[in-house]
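Presented below is the structure to which this report refers.
The values are calculated or read from the model by the stated rules, or taken from the named source; none is laboratory data. Quick caveat, the model's predicted, so the values are computed rather than measured. No Cβ is skipped: glycine too gets one built from the backbone with ideal geometry, and neighbour counts run over all protein chains shown. Quick note on the areas: whole protein, heavy atoms, side chains included, nothing else; ligands and nucleic acids left out. Shrake-Rupley method; radii C 1.70, N 1.55, O 1.52, S 1.80 Å.
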Amino acid sequence: MDISFYELTATSLEKMLPKLLEKAYDANQRVVVLLDSEERVHLMNATLWTYATLSFLPHGSQHDSIEDTSRNPIWLTTHLENPNDAQVIIITTEESLLTSPTQFQRCLDIFDGNNPQSVAQAHQRYRSYQEQGYTCVLWRQSLTGQWEKATLPLQ
């Protein structure tokens, strides 16, 4: 499994995440999005309804009255779960480290590059995954918001 780290420096999570989710959805991949609080789940739920005028990403969370969670291509949550049989997990919490990354085909770890604590925690996760034998790639956002593959591990 590949683990991609995304260091946000120019845009917010709420602006960047829908773009990543669109790519996964267009590729028919199911996604679990691990968020740091219930407030963030509610905010992201609203964001996915309104992030673009003519766009909508079908999604759900434990707050929805959905009996069959497997029908949701995107699942928003605050704890590690996979009720929609997702292939991709997107981690947006600063301290989360997958103990069993192999339950997903791909992991995207998004962190705030403007917060030294967030960067330090991402560095620890990066090294831990590397030590476990996973391939890690770091993408840094340029000042214009473009993604650039970093040539060095997190610093």
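Here is how the numbers come out for the structure above:
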quantity	calculated
At q = 0.13, 0.16, 0.18, 0.20 Å⁻¹, base-10 log of I(q)/I(0) for the chain (Debye sum, equal scatterers on each alpha carbon)	-0.57, -0.88, -1.13, -1.39
Within region 35-112, GluC sites (Glu not before Pro) in DSSP loop having at most 15 other beta-carbon neighbours inside 10 Å	GLU67, GLU81, GLU95
Over the chain, relative contact order from alpha-carbon pairs under 8 Å, at least 6 apart, %	34 percent
4 °C / 1.567 mPa s Stokes-Einstein diffusion coefficient of region 87-151, Kirkwood radius on C-alpha pairs, µm²/s	102 µm²/s
Whole-number accessible area per residue in Å² for the chain, which is evaluated in the context of all protein chains at 1.4 Å	54 Å²
Accessible-area value, ASP2, 1.4 Å probe, nucleic acids and ligands omitted, Å²	80 Å²
Accessible area of the chain belonging to carbon and sulfur atoms, whole % at 1.4 Å probe	47 percent
Selected from LEU34, ASN45, PHE56, residue furthest toward positive end of dipole (region 1-60; charges at beta carbon)	PHE56
Region 50-125 shape via C-alpha gyration tensor axes, a/c threshold 1.5	oblate
Extension gain (nm, one decimal) between GLN62 and ASN114, 0.36 nm per residue minus Cα-Cα	15.7 nm
Radius of gyration and maximum dimension Dmax of region 27-76, Cα, Å	10.9, 29
